[in-house]
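Each remark here refers to the structure printed beneath this line.
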Amino acid sequence: MSDTKPKSGEVPELPAPPKRRGKKLFLLVGVVVVLAGGAGAAWQFVPGVAERARALTGHAETAAAAIAGRPTFVDLPEMAVTLPNAGHPRQMRIKMSLELASGGVEKGTADALSPRVYDALLTYLRTLRDGEVDGGLGLDRLRADLYRRLDLVMGPGVLRDVLITSLVLA
C-alpha cells in the first residue's frame, strides 16, 4: 500500500475537474443553428437577398435572369375627376399602378411619371359618362381603355398592364 498522505509543507493533489467540453459544443451548435436559420429566413423573405447572394457566388447570369423576369410596378398618384352627369356632376377618385414590361423598365419608369401620361389619363377620364364605370364589365372596359391609351403614349412594349388599386365614385 502506498503512502498517499501529503508530507509536511506539500499541498495535497486534488483530482482534476471534469472537462466541460459538452457545454461549449452545445453552445457552438446552438449559435450555428440560429445563424443558419436567420440566413435561410433572409433568403426566403427579404427581397433581393437571393439575387445578391447568387451574384456574389458567381451566378450573376441567373441573378440577372431572375431580376429580368420580375415585374416592375409604378404607382401613380391618386387623381380626382368630375364626371358630367346630365347636370348633376359626380366625383371620381382613381388610383392606379402600372406594370412595366421587363425590357423597358428604365425607359418605362420615366415615361410613366411624365406629364404626357397624366394629360392622357385626365383627358380620357373627363370624357367618361356616368354609367360607363358601373358594374364589373364597366371596370374591365375602363382598364382596357386606360391600357390602350397609355400604350399609345408610352410606346409599344413598355407597358404590361394597368392595375386599378382604388376607385371611388361619389
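Rounded to the nearest whole Hz, the Karplus-based 3J(HN,Hα) values (6.51 cos²θ - 1.76 cosθ + 1.60, θ = phi - 60°) of region 35-43 follow the sequence 5, 5, x, x, 5, x, 5, 5, 4, with x at glycine and proline. Positive contributions from Lys and Arg (+1) and negative ones from Asp and Glu (-1), summed over other residues with Cβ under 10 Å from the Cβ of E78, come out at +1. For T72, the residues 5 or more places off, or on other chains, whose built amide H falls under 5 Å of its own are L100. Other residues within the sphere of radius under 14 Å centred on the Cβ of G131, judged by their own Cβ, net out at 0 (K and R +1, D and E -1).
Taking amide H positions as modeled 1.01 Å from N, with prolines and chain starts lacking one, the residues under 5 Å from L159 and 5 or more places away or on another chain are A101. Backbone geometry of region 160-169 corresponds, through the Karplus equation with coefficients 6.51, -1.76 and 1.60 at θ = phi - 60°, to 3J(HN,Hα) couplings of 9, 7, 10, 10, 8, 8, 7, 8, 10, 10 Hz, x marking Gly and Pro.
Bear in mind these aren't lab numbers, they're just calculated from the coordinates by the rules spelled out. On a predicted model such as this, the values are computed, not experimentally measured, just so you know. No Cβ is skipped: glycine too gets one built from the backbone with ideal geometry, and neighbour counts run over all protein chains shown.
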